[in-house]
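Participant: Take this structure first; my questions come after.
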Amino acid sequence: TGWAAFAGVWGSAGLSTSECGSARELEAYAGYSLALGTDVNATFTYTRYAFPGGGYGNPHLSGHRYDYDQVGMSWGFLDRLYVTVSWTPNAIGYEYYEDKWHIEQNRNAFAYGVEWQQPLASWVSLTAAGGYDYMADPFGTGYGFWSVGLTHLAGPWELNIAYFRTSARALRLFRAESAGGRVSATLLWRF
């Protein structure tokens, strides 16, 4: 019950030599969670996404970086069902006219998602999620995505193993090295 403020920084660095595998990402975030009742909560989050030293690997976007801001809100019900809406005020957009690509970061974009967490035993939960992302598609049409995984909690530690999949449109937009299906393992320590 009540409220809680939070802030943090998260980063990753690719370890392979491919365009996607060598990417670097840095996120700074801050937010506020509020209990709206015994079974309902709301969380508001601001996130700054930065890609230091990165480009797209797309010759039409050479010299451009996709650093952007995102404001999100999620509603949680019974600590099992989560519905999320996110807005990006400075998403990238590009158009081809007059025989040239024109790139601007002034497009409004949205993403929507829903996630279900189901305890299977005292030590493991099943997670299933799906949604639609307009943010990452510079043409503004978007693509669907889904995931399924297992979560194990042990004190301040959390282990997540999941399979993520994007729609065929994401494969056409970003190629198989950036989209399609992936297995992920994440170990978190909360302090």
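The values are calculated or read from the model by the stated rules, or taken from the named source; none is laboratory data. Everything quoted here is computed from the prediction, not taken from an experiment. Every residue, glycine as well, gets a Cβ built from its backbone with ideal geometry; the counts of neighbours run over all protein chains shown. Areas reflect the complete protein model, heavy atoms only, side chains present, ligands, DNA and RNA absent. Shrake-Rupley method; radii C 1.70, N 1.55, O 1.52, S 1.80 Å.
Participant: I'm checking my understanding of the structure. Among residues of the range 12-22 that are at pLDDT 65 or above and either in a strand (DSSP E or B) or open to solvent by 50 Å² or more (accessible area, probe 1.4 Å) (or both), which one is nearest to Asp69 (Cα to Cα)?
Facilitator: Ser12
Participant: While we're on this one: Which of the residues spanning the range 170-191 are at pLDDT 85 or above and not in a strand (DSSP E or B)?
Facilitator: The one that is at pLDDT 85 or above and not in a strand (DSSP E or B): Gly180.
Participant: Identify the single condition in (1) modelled with pLDDT of 90 or more; (2) within 18 Å of Ser178 (Cβ to Cβ); (3) open to solvent by 50 Å² or more (accessible area, probe 1.4 Å) that Glu27 does not satisfy, given that it satisfies every other one.
Facilitator: (3)
Participant: Further, regarding this structure: Given the conditions (1) of a type outside the set (Gly, Ala, Ser); (2) in a strand (DSSP E or B); (3) modelled with pLDDT under 90; (4) open to solvent by less than 60 Å² (accessible area, probe 1.4 Å), which single one is not true for Asp137?
Facilitator: Of (1) of a type outside the set (Gly, Ala, Ser); (2) in a strand (DSSP E or B); (3) modelled with pLDDT under 90; (4) open to solvent by less than 60 Å² (accessible area, probe 1.4 Å), only one is false for Asp137: (2).
Participant: Do we find that Trp101 is modelled with pLDDT of 65 or more, touching a strand residue (DSSP E or B) at 6+ places or on another chain (Cβ under 8 Å) and open to solvent by 60 Å² or more (accessible area, probe 1.4 Å) in this structure? First the steps, then the outcome.
Facilitator: Working: modelled with pLDDT of 65 or more: no; touching a strand residue (DSSP E or B) at 6+ places or on another chain (Cβ under 8 Å): yes; open to solvent by 60 Å² or more (accessible area, probe 1.4 Å): yes.
No: the conditions fail for Trp101.
Participant: Considering the range 140-191 alone, what residues qualify as being hydroxyl-bearing (Ser, Thr, Tyr) and either open to solvent by 80 Å² or more (accessible area, probe 1.4 Å) or within 24 Å of Trp123 (Cα to Cα) (or both)?
Facilitator: Of everything in the range 140-191, those that are hydroxyl-bearing (Ser, Thr, Tyr) and either open to solvent by 80 Å² or more (accessible area, probe 1.4 Å) or within 24 Å of Trp123 (Cα to Cα) (or both) turn out to be Ser147, Thr151, Tyr163, Ser184, Thr186.
Participant: Which pairs do you get when a residue that is open to solvent by 40 Å² or more (accessible area, probe 1.4 Å), found in the range 112-133, comes within reach of a residue that is not in a strand (DSSP E or B), reach meaning Cβ atoms under 8 angstrom, with the pair 6+ apart or on two chains?
Facilitator: Trp116/Arg80; Gln117/Asp79; Gln117/Arg80; Gln118/Arg80; Tyr132/Gly142
Participant: Using beta carbons and a limit of 7 Å, which pairs, at least six apart or on different chains, have the first residue in the range 160-181 and on the phi > 0 side of the Ramachandran plot and the second one surrounded by fewer than 17 Cβ atoms within 10 Å (Cβ to Cβ) and among the aliphatic types (A, V, I, L, M)?
Facilitator: Listed pairs, sorted by first residue: Gly180/Leu171.
Participant: Considering only residues that are in contact with a Leu (Cβ under 9 Å, 6 or more places away or on another chain) and at pLDDT below 80, which ones fall in the range 53-83?
Facilitator: If the condition is that a residue be in contact with a Leu (Cβ under 9 Å, 6 or more places away or on another chain) and at pLDDT below 80, then Gly55 is the only one that fits.
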